[in-house]
Amino acid sequence: MIRSVLTLGMIFLTISVQGQDLVHSPSILSNSITNLGSSGGSIWAGPYLNVSHDQGETWQAANVEPLQGFVNSVYSLSVRDQTIWVGIGNQYSSTVGSRESQTINEPRGLLYSSDGGNSWIFHSATPPSGQSSGVTGLIDHPDDSLITYGSVTLPTLPVTVLPQSPPWDIDHDPDSGTVWVAGQLAGIRRSRDFGQTWERIVLPPDTTSYLAPELGYEFPFFVQPVGIPESLFRGLNFQAFSVLVDQDGIVWVGTAGGLNRSEDGGTRWNHYTSQDGLIGNWIISVEEQPRGTLPPAIWVANWPAVGRNQRYGVTVTRDGGMTFETTLHGVQCFDFAFDQTNIYVACDQGLYRSTDDGISFIAQNNFVDQTDPSRSTREGTSVYSVEVTDHALWLGTQDGLLKSMDQGMSWEIYRTNIPLSPSGLASIIPPDRVPEVSTYAYPNPFSPATDRLIRIRYDLTESQSTVLRIFDFGMTLVREFSSLTGAQGPNEIPWDGTDERGARLANGPYFYAINSSEGTFWGKILIAE
């Protein structure tokens, strides 16, 4: 039994991985950049935790066991000076009976470094085996069915299984050392001792606008209470997706049921919804825009949740939640970054940039490499994350990592650059995943709906014309790219998984052949939704 979420912590299994340090990486290790974090001139990037301290000239990777083999990935990232917290998770598809395949996200744990990533401690997501009630990690012990808040004891449903409880967001307060994790069905969890012990935090029910322990309550603290009409109570505000500790120490939590604000470290909460001015109740991201001596502006990425009159868009409050303004109506957004009065918003439709403190926005969804105009992202490229370092603006997209040294006017594109020969490969990359070949394609398997593009890689000893042909399993030609100019060194050809008519090809294996004066390079691609 959990005796008090406000005073009693729970043991969290930790494993020291110090000494494995950062290792050389030939490039970023994925073209789909899901998370970005920065400190000074350093940029950190997920999903496999790359870092560059020299504006992208060289790269390193965190060679820690949870990320080795590319089985797990980064779900959340918090970087403040030399302190780094990383939420680690895993994704897979599951089908039950005749139902459609469902994407499942699970937690694996948290990585913590206090020395800029040179050494790490891993906190497992699951409770240590054989322990009694009250011993937990990012999920609960099966007997944790009660939770104390103020003068009342609330019934709670222990979160004992991993599915749909990943660490979607993480933040920490550098002054107090408190760490916060938003874990969807696992709710909000807090550690006051650098991840050694954890507490589950009580948030307001959907129908409650203010929660304080001295008021006294009777409500079940879990997602879908039994016996209460859905129209009155759904527990959506217990599903946490984003968390922020702002410069004043105020904690902001975004859930599937609104935005929450606490001035006392997570005891009392104000709860805001679309009825208070939010454009949507599902809060994917909460970020802070520093404004000098003024209170920080809090920017929120809204998605529509249960209820009427909700839309995709962005909400901002500049007065601590007293009033809200909305913008980018109908745009699905994921992340924010700020450079004085410049505001950058990462969205499904591209990057939105404001130079007038959010009064108006300019959209950009096609990015061309300033040093090599032949390298560009596909039109309509989604931008998942955005970050600002001392001298650069960085975008994490579905088609590479982008850097701008002039506030978004021009770009340099970084993509995975794994050599065709595995000699000298970074130790984080499994050797059996990179055999010595004449060509390869990535990502492979390839999902046109999710990945949008697959890139076929090959090397040439000199510049020459090449032809790429793609065949189905019966060796019928389905697509040809002719009159291509291959440069000396590494080359890449993007393909969107369509045939000559522009129709998307069916799932299954395909073969490709690259013809050049040096011979024909053969490879295989698996299309799988």
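The values are calculated or read from the model by the stated rules, or taken from the named source; none is laboratory data. Predicted model only: the values in this text are computed from it and were never measured. Neighbour counts are summed over all protein chains in view; Cβ atoms, including those assigned to glycine, are modelled from backbone coordinates with ideal geometry. Surface accessibility is based on the protein's heavy atoms, side chains included, excluding ligands, DNA and RNA. Shrake-Rupley method; radii C 1.70, N 1.55, O 1.52, S 1.80 Å.
Within segment 246-266, how many residues turn out to be surrounded by fewer than 24 Cβ atoms within 10 Å (Cβ to Cβ) and either part of a loop (DSSP other than H, G, I, E, B) or touching a His at 6+ places or on another chain (Cβ under 7 Å) (or both)? Within segment 246-266, residues that are surrounded by fewer than 24 Cβ atoms within 10 Å (Cβ to Cβ) and either part of a loop (DSSP other than H, G, I, E, B) or touching a His at 6+ places or on another chain (Cβ under 7 Å) (or both) number 10. Taken over segment 57-101, residues that are open to solvent by 10 Å² or more (accessible area, probe 1.4 Å), outside any strand (DSSP E or B) and either at pLDDT 90 or above or not β-branched (Val, Ile, Thr) (or both) amount to 15.
Listed here are the residues, each with its yes/no results for (1) open to solvent by 10 Å² or more (accessible area, probe 1.4 Å); (2) under 17 Å from the mean Cα position of the chain (by Cα); (3) among the aromatic types (Phe, Trp, Tyr); (4) at pLDDT below 95.
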position: Leu154; (1), (2), (3), (4): no, no, no, yes
position: Ser165; (1), (2), (3), (4): no, yes, no, yes
position: Ile170; (1), (2), (3), (4): no, yes, no, no
position: Asp175; (1), (2), (3), (4): yes, no, no, yes
position: Val181; (1), (2), (3), (4): no, yes, no, no
position: Ala186; (1), (2), (3), (4): no, no, no, yes
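Ile104 meets each of the listed conditions (1) open to solvent by 50 Å² or more (accessible area, probe 1.4 Å); (2) closer than 17 Å to Gly89 by Cβ; (3) at pLDDT 80 or above apart from (1).
Restricting segment 470-497 to residues that are among the hydrophobic types (A, V, I, L, M, F, W, C) and part of a strand (DSSP E or B), the residue that is farthest from the chain's Cα centre (by Cα) is Leu477.
Residues that are farther than 30 Å from Tyr384 by Cα and open to solvent by less than 40 Å² (accessible area, probe 1.4 Å) do occur in segment 451-463, at least one of them. Quick check on segment 9-26. Is at least one of its residues out of contact with any Ser or Thr (no Cβ under 9 Å at 6 or more places or on another chain) and either open to solvent by less than 40 Å² (accessible area, probe 1.4 Å) or at pLDDT below 90 (or both)? There is at least one residue in segment 9-26 that is out of contact with any Ser or Thr (no Cβ under 9 Å at 6 or more places or on another chain) and either open to solvent by less than 40 Å² (accessible area, probe 1.4 Å) or at pLDDT below 90 (or both). You will find that of Val368, Val300, Val306, Val386, the residue that is in contact with a Leu (Cβ under 7 Å, 6 or more places away or on another chain) and surrounded by fewer than 16 Cβ atoms within 10 Å (Cβ to Cβ) is Val306 and no other. Comparison of Arg311, Arg291, Arg268 shows that the only residue that is under 25 Å from Tyr149 (Cβ atoms) and free of Cβ contacts under 8 Å to residues at least 60 places away in the same chain is Arg268.
Counting only strands (runs of 3 or more DSSP E) wholly contained in segment 353-441, the ones carrying 1 or more residues that are modelled with pLDDT of 90 or more and in contact with a Lys or Arg (Cβ under 9 Å, 6 or more places away or on another chain) occupy 362-364, 393-397, 400-404, 412-414. In segment 235-261, the residues that are modelled with pLDDT under 95 reach residues that are surrounded by 21 or more Cβ atoms within 10 Å (Cβ to Cβ) and among the charged types (D, E, K, R) with C-beta atoms within less than 6 angstrom, at least six apart or across chains, in these pairs: Leu236/Asp206; Asn237/Asp206; Gly257/Asp206.
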